[in-house]
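Undergrad: Take this structure first; my questions come after.
No lab work stands behind these numbers, since they all come straight from the coordinates. Note that the coordinates shown come from a computational prediction; the quantities given were computed from them, not determined experimentally. Cβ: placed from backbone, ideal geometry, glycine included. Neighbour counts: every protein chain shown.
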Amino acid sequence: MGATISCPYYLTNDQFFMNGSNIVTSDWSSNVSVAFSKPVAVNSTLITGYDWTKPFPGTALSGHSVNLTVSQEMHISEDIVEDATTVLSSLTFGSPAEIMVTQDQPKPMDQSWFVCRHVFISTKPEAKQAVDSGGKCSFMPSTCQNDLKMSLTQDWGKLDDTYMCGALIFDAIPPSCVNSFGFARQDVMAFDSTFLANTTVAPAQVSSHQEQYSWRMGTGYHDPGDPQAFAIAANRTYLVATVWGYSSKANSGARKVPDVSFGCLSSGPAYVPPPPPVRSSTTTAGTSTTVTRSSTTAATTTTKAA
């Protein structure tokens with residue numbers, strides 16, 4: 001029997017979802033990969049990006065993307081809770097073929113680069129409607145976008161000697177964004193040349209496919225078949241701010257304020273699983289006949305998460 005490959009994910013969304021107490025694991029082969037084998041929603045948006053195989057600041061390179069995938073319901077490990085399911089949403093990040101060796105493994109990154117991804121989650125219906133209608137991040141006014149970019153870059157390299165990100169996990173979105181996006185605290189992922197040289201974790205930041213360490217979030221605990229889980233997943237709008245910055249190893253003469261790319265995604269209408277088969281019995285002249293009927297009609301609905 002092969003070794004179990006565990007996949008970590010956030011169990012549910014709340015203001016402090018990044019807390020370690022909200023992180024659980026599930027088996028990759030028997031649970032996570034199966035749940036994503038036939039996703040109920042897939043969306044993608046292109047973002048501005050760079051060729052980080054060359055020294056910072058490099059040149060712009062098209063083909064970078066942020067991708068959102070919503071899974072089928074997945075059973076939560078019995079070690080955590082009995083007879084409960086959750087629905088996973090996953091963020092993955094596509095990269096241009098020019099900087100990849102294979103679809104999942106990158107070329108070596110120049111050591112002068114340090115890239116940060118900041119994830120914010122909104123449950124405002126207005127934000128979801130704007131993104132689902134094709135407006136991308138346009139629902140966020142220019143003041144908000146400018147303030148957010150500044151908050152992610154003005155302290156670049158000042159908060160830690162080796163960790164360059166200008167904002168940290170739990171930091172809040174700027175006040176000028178609250179009206180359009182809602183109040184949210186951020187999760188942060190970062191990678192440099194050392195990270196991308198690790199073939200186990202690198203795919204989580206450069207591959208659009210589901211990987212062991214791809215970013216994922218569930219919908220909490222649900223009874224099997226509960227459509228509310230899909231409604232909760234659909235209600236979320238994700239803002240991913242990618243900061244293309246320099247590392248502590250970059251040439252001092254080449255350093256400049258990092259560029260920031262915004263990607264906004266939501267899943268569209270909530271998937272509603274069809275109800276289970278309905279069994280009915282009829283009796284005629286002492287003979288009992290059982291008829292099984294399956295409904296294949298699924299409505300779509302979007303409700304605001306609690």
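Undergrad: Within the range 84-148, report the trypsin sites (Lys or Arg not before Pro) that DSSP leaves as loop and that have at most 16 other Cβ atoms within 10 Å.
TA: Those satisfying the criteria are K136.
Undergrad: Take the Cα atoms of the range 23-70, find their three principal axes, and give me the spread along each one in whole Å, biggest first.
TA: Taking the Cα atoms of the range 23-70, the three principal extents are 42, 21, 18 Å.
Undergrad: Could you work out the helix-only [θ] at 222 nm for the chain, with each DSSP H run of four or more residues adding -39,500 (n - 2.57) and the total divided by the number of residues, to the nearest 500 deg cm²/dmol?
TA: Rounded to the nearest 500, it is -3000 deg cm²/dmol.
Undergrad: What cysteines in the chain have no other cysteine with a beta carbon less than 4.7 Å from their beta carbon?
TA: Result for the chain is C7, no neighbouring Cys Cβ within the cutoff.
Undergrad: So what's the chain giving for Cα Rg divided by 2.2 N^0.38 Å, two decimals?
TA: Normalised Rg, Cα atoms only: 1.12.
Undergrad: May I pose another question? For a quick protection proxy, order the peptides 212-218, 260-266 by their average other-Cβ count within 10 Å, most packed first.
TA: Going by the mean number of other Cβ atoms within 10 Å, highest first, we get 260-266, 212-218.
Undergrad: Computed FRET efficiency, Cβ-Cβ of S37 and E78, R0 22 Å: what is it to the nearest 0.05?
TA: Computed FRET efficiency for S37 and E78 comes out at 0.55.
Undergrad: Here's something else I'd like to know. How far is helix 142-153 tilted, in degrees, relative to the longest principal axis of the Cα atoms in the chain, given as a value from 0 to 90 rounded to the nearest 10?
TA: Computed tilt is about 70 degrees.
Undergrad: Can you pull out the GluC sites (Glu not before Pro) in the range 74-165 that DSSP calls coil and that have at most 10 other Cβ atoms within 10 Å?
TA: E78, E82
Undergrad: Filter the cross-link list K54/K149; K54/K128; K107/K256 down to pairs whose alpha-carbon distance in this structure exceeds 28 Å.
TA: Where the Cα-Cα span goes over 28 Å, the pairs concerned are K54/K128.
Undergrad: For K136, list the aspartates and glutamates whose Cα falls under 15 Å from its own Cα; do not include residues on the same chain fewer than 8 positions away.
TA: The qualifying aspartates and glutamates are E126.
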